[in-house]
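The values are calculated or read from the model by the stated rules, or taken from the named source; none is laboratory data. The structure presented is a predicted model; accordingly, all values stated were derived computationally and were not measured. As a convention, Cβ positions derive from the backbone with ideal geometry for all residues, glycine included, and neighbour counts pool all protein chains shown. We work out accessible area using only protein heavy atoms, side chains counted, and drop any ligands, DNA or RNA first. Shrake-Rupley method; radii C 1.70, N 1.55, O 1.52, S 1.80 Å.
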Amino acid sequence: MYWEEKIETMDIGTLRSLQLSRLRKTLERAKTTPYYKKLFEEIGLDTDIKSLAHIRDIPFTTKNDLRENYPYGFLAVPKEKIVRMHSSSGTTGRATVIFHTREDIDNWSNLVARSIYMTGARSEDVFQNTMGYGLFTGGLGLHYGAEKVGMMVIPSGTGNSVRQINIMRDFDTTVIHILPSYAFRLLDVFESESLDPRKDVKLRIAFIGAEPHSEEMRKKIEESYDMDAFNSYGLSEMNGPGVAFECPEKKGMHVWEDSYLIEVINPKTLEPMPDGVEGELVFTTLNRKGMPIIRYRTRDLASLYTGKCPCGRSHRRLSRIKGRTDDMLIVKGVNMFPIQVETVLMKFPEIGRNYQIRLETKGHMDEIYVEVEVLYPADDMREYEGLKNRIAAALHSEILVTPKIILHQPGAIPRAEGKAVRVVDNRVKE
Ligand code: DLL
């Protein structure tokens, strides 16, 4: 049931001591990097810290710090010790790059294997990895972990949906790694091939993650394919996937606290938030040799669950990610997150598999449009007038502004190659 029972079920006291000793080593290693050497000298840091709380004496590391010290300013080992580079999927500004030693790759793969094993996937399974291979960590990250578990790995990569389905059928794929938005898109392709994903393929487990998605979306994916879907969270700066993963209880994702120190802060005041209260996630690597990162501000918003998990693992659980601080939209003075729109949309069975939020300036006012595909084509979209009003009313009670709903035929809204683009902001910036 456990990949590493001793670590996964370690009592909290022992886990905290392990974290402290690993944190000290991390600070020692960080001291050798150009960036932290300078920082630690400036703040006069004694790396032999006495408690985990002392980490708060160290300033946060931001994406901007990584960018300004691009490419090698965070390296803690000579370059010849590095065996792999990955990069974040950020679309704005200079990419951030992350370097790994052989040991780092081994430790990361082990965390991914631990996560995979936790969901019930085993060496008998056939694993199809539909995530991008390359600089993105979703492909290679899961690949190495799945090989460690001993599954037969099919590195199908992204795109070519008909071939993806053929592979599933020819090789009896049982476990799949897939973006939640792509799991939806693939349903259209099953339909156009006159195939039923519940009957014509043998999928039993999916790892879904890398982008925000609602509980309602998970449920739809599970029902449509008749499989269990597990939420998987990670970010390139913390290796990639394998930072936090759901167990079969599906009530939060266990953060692997032997390898990451997690803090939740108020993104405005930067004060620590207690367990159970939503805030920005901040991570410190505890086991990375090539490129330690301390107190990295993720901009992701979530909370930590308190209380024991019935699965027996002691590592704290993370709630679903609500979005990034920079995903928050302020429309007509009201704050909202795209995921709130998704949660409402998913409750309408007539709604199809893609949606987009578009913001425009009309006069001096913000206007919000929610573009939605219907599930079944209509000869005349006017048939759906009633639906439009019902969606607008349901959205109003969730986000407190009334959006204009635009309904489209199935497949009409453009689809992104990788992670879904849920918001198009065309507002005039003053
Ligand atoms: O997306 C790593 C990953 C790959 C995770 C495959 C899971 C599966 P980046 O490209 O650096 O790394 O993007 C990281 O994606 O800060 C979140 O904003 C978002 N994200 C990742 N997983 C989830 C999730 C990978 N389960 C950024 N739910 C993160 C919501 C997620 N958002």
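Tabulated data
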{"read-out": "Angle between the chain longest axis and helix 137-149 axis [Cα atoms, degrees, rounded to 10]", "value": "70 degrees"}
{"read-out": "Pair residue 54, residue 147: separation of 7 Å Cα→Cβ label points (nm)", "value": "4.0 nm"}
{"read-out": "Accessible-area composition of segment 328-425, carbon plus sulfur, in percent [1.4 Å probe]", "value": "55 percent"}
{"read-out": "Inter-probe distance in nm under a simple model that places probes 7 Å from Cα toward Cβ, at residue 5 and residue 424", "value": "5.5 nm"}
{"read-out": "Aspartates and glutamates whose Cα lies under 17 Å from that of residue 388, excluding same-chain neighbours fewer than 8 positions away", "value": "342, 350, 367, 371, 373, 379, 380, 398"}
{"read-out": "Per residue accessible area in Å² of segment 318-430, where ligands, DNA and RNA are left out and the probe is 1.4 Å", "value": "52 Å²"}
{"read-out": "Per-pair calculated FRET efficiency, R0 = 25 Å: residue 194 and residue 412 via Cβ, rounded to 0.05", "value": "0.70"}
{"read-out": "Those aspartates and glutamates that a straight Cα-Cα span of less than 16 Å connects to residue 81, excepting residues fewer than 8 apart in one chain", "value": "103, 104, 106"}
{"read-out": "Length released on extending from residue 306 to residue 250, taking residue separation times 0.36 nm less the Cα-Cα span", "value": "18.7 nm"}
{"read-out": "Contour minus Cα-Cα distance for residue 83 and residue 277 (0.36 nm per residue)", "value": "66.0 nm"}
{"read-out": "Accessible surface, per residue, of segment 146-244 when the full set of protein chains is kept, probe 1.4 Å, Å²", "value": "36 Å²"}
{"read-out": "Principal-axis tilt of helix 12-30 within the chain, Cα atoms, nearest 10 degrees", "value": "70 degrees"}
{"read-out": "Label point distance in nm, residue 204-residue 319, each placed 7 Å from Cα along Cα→Cβ", "value": "3.4 nm"}
{"read-out": "Packing rank of 148-154, 288-294, 120-126, where each peptide gets the mean count of other beta carbons within 10 Å, highest leading", "value": "288-294, 148-154, 120-126"}
{"read-out": "Accessible surface of segment 1-151 [probe 1.4 Å, protein heavy atoms]: carbon and sulfur percent", "value": "51 percent"}
{"read-out": "Segment 93-216, relative contact order in percent, only Cα pairs under 8 angstrom and at least six apart counted", "value": "25 percent"}
{"read-out": "Separation of alpha-carbon centers, segment 1-40 and segment 154-195, rounded to whole Å", "value": "39 Å"}
{"read-out": "DSSP bridge orientation in the chain - percent antiparallel, rounded to nearest 5", "value": "60 percent"}
{"read-out": "Using alpha-carbon coordinates, inclination of helix 161-171 to the longest axis of the chain, degrees", "value": "70 degrees"}
{"read-out": "Proximal lysines to residue 429, defined as alpha-carbon separation beneath 29 angstrom and excluding residues fewer than eight positions away on the same chain", "value": "63, 268, 322, 332, 362, 404, 419"}
{"read-out": "Environment charge of residue 338, counting only residues whose C-beta is closer than 9 Å and scoring Lys/Arg +1, Asp/Glu -1", "value": "-1"}
{"read-out": "Sum of -39500 (n - 2.57) over DSSP H runs of 4+, divided by residues of the chain (222 nm, nearest 500)", "value": "-9000 deg cm²/dmol"}
{"read-out": "DSSP bridge pairs, segment 288-430: antiparallel proportion in percent, nearest 5", "value": "65 percent"}
{"read-out": "Solvent-accessible area of residue 72 with every protein chain in place, 1.4 Å probe, in Å² to the nearest 10", "value": "100 Å²"}
{"read-out": "Trypsin sites (Lys or Arg not before Pro) within segment 329-362, DSSP loop, no more than 16 other Cβ atoms inside 10 Å", "value": "332, 347"}
{"read-out": "Among 8-15, 223-230, 178-185, the order from most to least packed when residues are scored by Cβ within 10 Å on average", "value": "178-185, 223-230, 8-15"}
{"read-out": "Relative contact order of segment 152-259, defined on C-alpha pairs under 8 angstrom at six or more residues apart (%)", "value": "20 percent"}
{"read-out": "Gyration tensor verdict on segment 272-343 (Cα atoms; rounded if a/c is under 1.5, prolate if a/b is larger than b/c, oblate otherwise)", "value": "oblate"}
{"read-out": "Mean separation of Cα contacts under 8 Å (6+ apart) over length of the chain, as relative contact order %", "value": "14 percent"}
{"read-out": "Highest average packing first - 265-272, 16-23, Cβ atoms within 10 Å", "value": "16-23, 265-272"}
